[in-house]
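Contents: one structure, followed by commentary.
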Amino acid sequence: MSAAVAPQATARPSLSTIAREWGRIGCLGFGGPPVHIALLRDLCVTRRRWIRDREFEDTVAAVNLLPGPASTQLAIACAHRLRGRTGALVGGAAFILPGLALILLLAAAFLAGDPPRWLRGAGAGAGAAVAAVAVRAGVDLIKPSWARAAPRRGPLLAYILLGAISAATVGPFLVLVLLACGVVSLALKRGTGLAAITPAPVALLLAAVASTGGLGALAWTAFKVGALSYGGGFVIIPLMQADAVTQHHWMTDGQFLNAVALGQVTPGPVVQTVAVVGYAAAGVGGGLLAALVAFSPSFLFVVVGANRFHALLANRAVRAFIDGAAPAALGAILGSAIPLALALSEPWQLAVLAAAATALLLLRRGVVATLVAAGGVGAAAALAGASLPG
């Protein structure tokens, strides 16, 4: 009896097939990166056999070393593997656009001058649960790194704590802390002094100071979200909150909480939350600009670097930088829960937060279901006459 032969990859798909299949995932991808990765694996590896399992796993590992939204970069990279640069553009756009269109429609409803009372209550209820979602996301992302770091967990813990403290205190300059953790880790592992650290953080600081308002400030906020966030989509919360609420006053605390909740309950990448911030700053054009700036680095990283993913995985300097920046970003997710919780202004919202924390952290309920339930409680509270945040 002959030995079993591994299945061969089938012929590459047409661009119309990529647009249809990636668009389907963009419409059905509720639940964030784990769901997106599972759907892409089922399509590309299991059902269509376009990509071998080992190659898919290597691609997942490579995009997790890149800054920005990993599941979006994975969708772009898989399409690039099948149809090159054109496929990457078609697949990436098909994956992003359904959720982007939906979240802009919802932003228009929630940020309207006088939305219905029940809708304001639903937003306030879902927003009240966001701090618990941040803790759940941070804990879930830190667990694998914590397990891998045994028995030497001291540096990992230090970066996590630094990121958490910075997310709660330094506002728009959090990105500089993340970069500093990366370059310090690189310097320590190379045995070089801190004088050898790249001057990139100084340049970024100058860019941040230069963008004092208008579309330039919006573009800078979106760029930080798309190009300088490590650890998954939830890192965007501490990166955006200080810019959108405190520094530029595009949104109130309550509206920002609504934006984060919308990013969680709509399909597609969580990074689309930046489109709500853009809408608050400059209408539909601002939302589209923010999305374009935030997602452009993902396309650039993949189109330029897809053929170098194997070298990226083997590059010690890249891994050393990520060893500092990534745990700091995960800590920032946890730290973001503090300003998110402090933004709640009504006593009933604190009760919703406590219930959401119980559901997510103790009972391990789903994020989308918990946010929808919190929104329902908020709508009921509003209709019952409860006071709503301004």
Compute from the Cα atoms of segment 6-93 the Rg and the Dmax, the latter being the longest Cα-Cα distance, and quote both in angstrom.
11.8, 34
Hey, could you grab the Kirkwood Rh for segment 263-320? Inverse mean 1/r over distinct alpha carbon pairs, Å, one decimal.
13.3 Å
Along principal axes, largest first, the alpha-carbon spread of the chain in whole Å comes out as 73, 51, 42
Using 0.36 nm times the number of residues separating R47 and L342, minus their current alpha carbon distance, what extension gain do you get?
101.5 nm
Label-point separation (nm) for H249 and A109, each offset 7 Å from Cα along Cα-to-Cβ?
3.0 nm
Cα-based Rg of segment 104-156 per 2.2 N^0.38 Å, rounded to two decimals?
1.88
Dipole axis of segment 236-372 (+1 Lys, Arg; -1 Asp, Glu on Cβ), positive-most option in A314, A282, L239:
A314
Taking only the Cα atoms of segment 50-151, how large is their convex hull per residue, in Å³?
146 Å³
Compactness relative to 2.2 N^0.38 Å, alpha carbon Rg of segment 125-190
1.30
How long, wide and thick is segment 279-390, going by the Cα atoms along their three principal axes, in whole angstroms, largest first?
59, 39, 23
Just to be sure I understand the model, the point goes 7 Å from the Cα along the line to the Cβ. What's the resulting T86 to L350 distance in nm?
6.0 nm
Normalised alpha carbon radius of gyration of segment 229-334 [divisor 2.2 N^0.38 Å]:
1.21
Is it possible to state the helix-based mean residue ellipticity at 222 nm for the chain, with each DSSP H run of 4+ residues giving -39500 (n - 2.57), the sum divided by total residues, to the nearest 500 deg cm²/dmol? What is it?
-23500 deg cm²/dmol
Write down the Å³ per residue value for the convex hull defined by the alpha carbon atoms of segment 304-369.
162 Å³
Any idea of the accessible area per residue across segment 257-390, 1.4 Å probe, to the nearest Å²?
39 Å²
The FRET efficiency for A149 and S387, from their Cβ-Cβ distance with R0 = 41 Å and rounded to 0.05, is 0.35
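The values are calculated or read from the model by the stated rules, or taken from the named source; none is laboratory data. Treat the numbers as computed from the prediction; the structure is a model and nothing was measured. Positions of Cβ are backbone-derived with ideal geometry, glycine not excepted, and every protein chain shown enters the neighbour counts. Heavy atoms of the whole protein, side chains included, go into the accessibility calculation; ligands, DNA and RNA do not. Shrake-Rupley method; radii C 1.70, N 1.55, O 1.52, S 1.80 Å.
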